[in-house]
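Okay, structure first, notes after.
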Amino acid sequence: MDVAQLSQTKPNPNIPELAPGDTVKVSAKIVEGEKERIQLFQGVVIKVRRGADGGNFTVRRVAYGIGVERTFPLRSPLVAKVEVVRHGKVRRAKLYYLRGLSGKAARIKEKQ
């Protein structure tokens with residue numbers, strides 16, 4: 001066995017194709033001490049980065065008036081499931097401009 005084979009990770013079959021602007025529900029495994037539970041995080045995908053390490057995607061939501069962003073690795077076994085709620089119609093690859101918007105201004109139209 002060589003180093004290249006050891007460093008390759010398998011893709012997570014529970015993660016569908018994602019695009020910026022999609023609203024997703026991410027079920028992430030949380031380990032607290034010896035206990036393990038699944039925590040749901042629902043929001044808009046603002047960034048998808050694909051790379052040699054497998055890549056990652058960033059999800060943003062507003063909780064109690066404060067914007068929260070969380071980055072998940074695409075090949076991580078700690079991501080239990082990703083469900084796409086709706087596909088958004090956007091014209092950018094990175095939606096960083098959503099950080100400066102709030103309320104109705106931050107809505108994204110749905111793809112037809």
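No value in this document is a laboratory result; all are computed from the given coordinates. Small disclaimer: the values here were computed from a predicted structure and weren't measured. Every residue, glycine among them, receives a Cβ derived from its backbone with ideal geometry; neighbour counts consider all protein chains shown.
What to note about this one:
- For a straight C-alpha distance cut-off of 16 angstrom, the aspartates and glutamates reachable from Lys111 (same-chain residues fewer than eight places away being disregarded) are Glu17, Asp22.
- Comparing Phe57, Asn12, His87 along the charge dipole axis of the stretch 3-90, the residue lying farthest to the positive side is His87, per the Cβ-charge model.
- Applying the Karplus relation 6.51 cos²θ - 1.76 cosθ + 1.60 with θ = phi - 60° to the stretch 22-36 yields 3J(HN,Hα) values of 6, 9, 10, 10, 10, 9, 10, 7, 10, 9, 10, x, 9, 8, 10 Hz, where x marks Gly and Pro.
- Here the dipole of the chain is about 720 debye; that uses its Cα centre as origin and unit charges on the Cβ of Lys and Arg (positive) and Asp and Glu (negative).
- Simple label model, 7 Å out from Cα along Cβ direction - Lys89 to Lys25, nm: 2.5
- Amide N of the stretch 75-107 lying under 16 Å from the label point, which is placed 7 angstrom from the Cα of Glu36 along Cα→Cβ: 76-81
- 14 Å Cα-Cα reach of Lys10 towards aspartates and glutamates, excluding residues that sit fewer than 8 places from it in its own chain: Asp53
- Calculated [θ] (222 nm, deg cm²/dmol) that DSSP helices of n ≥ 4 give over the chain, each run adding -39,500 (n - 2.57): -1000 deg cm²/dmol
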